[in-house]
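The values are calculated or read from the model by the stated rules, or taken from the named source; none is laboratory data. Since this is a predicted model, take the numbers as computed values, not measurements. A quick note on method: Cβ atoms are made from the backbone with ideal geometry, for glycine too, and the neighbour counts reach across all protein chains shown. Protein only, heavy atoms only, side chains kept; ligands, DNA and RNA dropped before computing areas. Shrake-Rupley method; radii C 1.70, N 1.55, O 1.52, S 1.80 Å.
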Amino acid sequence: MRCNLLSPGLHELSEARWLPSSKVEMAIVGPIVRNELFFFVFIFGAAALLILREWLASSHDKSGQGPMNDAEKRLLNSQNRRQRNWMMAAAIASLTVILVLTADFIYARANSAPPSARPIEAVGNIVRVPTSEVQDGAMHLYTVKAESQTLRFMIIKKPNGWGVALDACRICGAEGYRQDGQNVICRHCASAIYIPSIGDQGGCNPIGVPSRAEGGELVIDISSLTQAAKEIPQ
């Protein structure tokens, strides 16, 4: 099984109150297990440490040798030069790979700006969204004013209907989501949410909001949105 199951697993255990967890821990663990580049960085970093350890051990062993004649000194100096060159090349290669992978990760984070949301007006404490507007399987984000706050919610077509949820999680808070193919990704911990599970509890799923279909429209009560918003950690 892929190692990125760790982050959703931690969310499940946290919501079940088996593990004390918060958005801080998820921000650290999530990107590491979600982004495999970190594992390559770890591997190259470990290799660099092993190289350094071998070099230090070799230097210590050679420093303890007894008196040598000129031929032995020339041979030892030649071996030391070759070893230093090899160590330097290995260190430069490891550093280059780490820098490239780090730059790639930073670039990916810089390009994961929050998706735009369309403002929508509530009429009589009810929000109505035409189903024709959300039939394409893409994540559609909306904002609506409820009491003294502005709430951000999502609608996405699922095989068995529509997933309606706040753009927020019970652990990561109101950091929001973005869509990546067949998954919705938490922008804080990078957990991948399977689209058919949108609106369900568990993992890093967005906080579900009850809705109903009426005459070609999805109907959402403002009271349901405000009640769901109480579950967003502050």
Practice task
Residue by residue through the stretch 214-234, note down the ones that are at negative phi, over 26 Å from the mean Cα position of the chain (by Cα) and open to solvent by 10 Å² or more (accessible area, probe 1.4 Å).
Solution key: Glu214, Glu217, Asp221, Ile222, Ser223, Ser224, Thr226, Gln227
Practice task
Might you check whether a residue that is modelled with pLDDT of 90 or more and part of a strand (DSSP E or B) occurs anywhere in the stretch 185-204?
Solution key: no
Completion exercise
Counted residues in the stretch 148-164 being of a type in the set (Gly, Ala, Ser) and surrounded by fewer than 24 Cβ atoms within 10 Å (Cβ to Cβ) come to 2
Practice task
Give me the pairs, please: first residue somewhere in the stretch 72-87 and closer than 24 Å to Leu49 by Cα, second residue anywhere and open to solvent by 70 Å² or more (accessible area, probe 1.4 Å) and in a helix (DSSP H, G or I), beta-carbon distance under 6 Å, and either six or more positions apart or on two chains.
Solution key: Met87/Trp55
Practice task
Run Pro210 past the list (1) within 20 Å of the chain's Cα centre (by Cα); (2) in a loop (DSSP other than H, G, I, E, B) and report the number of the one that doesn't hold.
Solution key: (1)
Practice task
Filter the stretch 168-177 down to residues that are at pLDDT 90 or above and open to solvent by 10 Å² or more (accessible area, probe 1.4 Å), then give me how many there are.
Solution key: 0
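Yes or no: the stretch 170-181 includes at least one residue that is within 17 Å of the chain's Cα centre (by Cα) and free of Cβ contacts under 8 Å to residues at least 24 places away in the same chain. Full working, then the answer.
Initial filter on the stretch 170-181 (within 17 Å of the chain's Cα centre (by Cα)): 170-181.
If we keep only those that are free of Cβ contacts under 8 Å to residues at least 24 places away in the same chain as well, we get 180-181.
Yes, some residue in the stretch 170-181 is within 17 Å of the chain's Cα centre (by Cα) and free of Cβ contacts under 8 Å to residues at least 24 places away in the same chain.
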Handout entry: Some residue of the stretch 102-116 being open to solvent by less than 70 Å² (accessible area, probe 1.4 Å), modelled with pLDDT of 85 or more and closer than 27 Å to Leu218 by Cα
Key = no
